[in-house]
Amino acid sequence: MERISDAHVRAMRDYLKNQLELMEELTREISKSYQWLPFPEPKRASVYAVDGSRMMKRLSGAIIYGVASVAIGENLYHWSEVGFVSPYKHVDERIRIHMELLEKRIGAMASEMGAELVLMDGTISGSIIRPPSYIGSNTDKMFKRHSDELVALADGFLKLLDEKWESWLETLERDGIINAPTLVARGDGRKGIFTLLKERGVEEAKITRWQDDYEDVIILLEYLEFLHALDRLLAARTAAIAKTFYRDDIVRQVRPGTPMLDVPVLDMISKEAGYVPFRYSREEKRKFPDVVERLMDMGHFGNLMRLLDKTKDGYRVKVQPFYVRFVDGGVIYLLEVPGESERDALETLSMMLSVAEDEYVIPLEYAHHSVVIKKQEFDAYVSAVLSALVGEDERFLSFLRYGREPLE
């Protein structure tokens, strides 16, 4: 595509003209019900922002990955892990969940160490309502086969996480950094998770019971570990800001079936800074795996449960969304505050405004730049680690080659 095609430009111009005509119509209709409101007064508070990053490299016998999270406010807290995972089921998604797990953990711990508001990147509702795609049928089939045994195993696992939590919190508060493997579902390096649970008296952790389901059990425990961290975070005052989103809730409420997103119309209504409260018109419903439902009935995930309304076809998340713009003519963001109290949500917004400057929220900007794992740095780190390992035992090389070696 060396030259701009006149035909391409004409087609795109025609599209934009049609969209502008439609937006002008929608602006007149929507402005009757929705207006940009002036921000409340900022309220000084201890605000921490959390963000995460991940990187991975596929080798011949394993995948080496790095995940990290930071929490930035009055202090800086950092949590990172580098490790191997076998290239079995759903690896990419599992590494993403591992990163989000660290985000939730460090955010919850920042709150336990005194943060009055924890800001996350993305959405809260997405973390709750969109589980990993691979959690579902296999988990429910396993539950039908093992039922009470699986619940007892999971219950023992969650109690182990509570014990580990206190140790991690102490380390993070003392050192400001955790830089060691902490994904309990994969054991502690020397011992697998079944051995760790068996040592704590969980009789259902005999590995001979789970040989045919070993990988599926580990995947389930990883998901429970994520839910455990999310539940801890939801005990705090928290909010999430999404930079990229495609919502048409307001347009849909005013004129159903119209192919237009909210943001362009709201931008035409006014260029002023402020916020627009609204409600989601299409709320995703979901069902948790049967084993998670049983764990909820036993009292686990209480903070998460308080944000869920059970319906005949699943759960609805209680969340207050806003569109926000921090400066006149600035970018429009989606803000989510857990719960359905607009008064509490506005108090959270006031706290957030105390650390907003120019077009964005300063701690979130700092967190993003602090946590990014750069590919060049990750590759250099991986090369150093692999060299050290092969130097220790050349047989490791069978696992650690990678296909692009001849091209580099």
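The values are calculated or read from the model by the stated rules, or taken from the named source; none is laboratory data. Quick caveat, the model's predicted, so the values are computed rather than measured. FYI the Cβ positions are ideal-geometry reconstructions off the backbone, even for glycines, and counts take in every protein chain you see. Surface accessibility is based on the protein's heavy atoms, side chains included, excluding ligands, DNA and RNA. Shrake-Rupley method; radii C 1.70, N 1.55, O 1.52, S 1.80 Å.
Looking at segment 106-117, is at least one residue under 24 Å from Ile241 (Cβ atoms), acidic (Asp, Glu) and at pLDDT below 95?
No.
Residues of segment 24-44 being within 33 Å of the chain's Cα centre (by Cα) and either within 15 Å of Asp267 (Cβ to Cβ) or crowded, with 18+ Cβ neighbours inside 10 Å (or both), which ones?
If the condition is that a residue be within 33 Å of the chain's Cα centre (by Cα) and either within 15 Å of Asp267 (Cβ to Cβ) or crowded, with 18+ Cβ neighbours inside 10 Å (or both), then Ile30, Tyr34, Gln35, Trp36, Phe39 are the ones that fit.
Determine which member of the set Glu173, Glu149, Glu163 is in a helix (DSSP H, G or I), open to solvent by 40 Å² or more (accessible area, probe 1.4 Å) and free of Cβ contacts under 8 Å to residues at least 60 places away in the same chain.
Unique residue meeting the criteria: Glu163.
Return a yes/no flag: does segment 70-84 have any residue that is closer than 30 Å to Met260 by Cα and either open to solvent by less than 80 Å² (accessible area, probe 1.4 Å) or in contact with a helix residue (DSSP H, G or I) (Cβ under 8 Å, 6 or more places away or on another chain) (or both).
No, that holds for no residue.
In segment 366-385, which residues are farther than 12 Å from Lys57 by Cα, in contact (Cβ under 8 Å) with a residue 24 or more places away in the chain and assigned to a helix (DSSP H, G or I)?
Tyr366, Ala367, His368, Ser370, Val371, Val385
Take Val337 and decide whether it is surrounded by fewer than 18 Cβ atoms within 10 Å (Cβ to Cβ), not hydroxyl-bearing (Ser, Thr, Tyr) and not in a helix (DSSP H, G or I).
no
So for segment 347-359 (the condition being over 30 Å from Arg237 (Cβ atoms), more than 22 Å from the chain's Cα centre (by Cα) and surrounded by fewer than 19 Cβ atoms within 10 Å (Cβ to Cβ)), does at least one residue qualify?
No, because not a single residue in segment 347-359 is over 30 Å from Arg237 (Cβ atoms), more than 22 Å from the chain's Cα centre (by Cα) and surrounded by fewer than 19 Cβ atoms within 10 Å (Cβ to Cβ).
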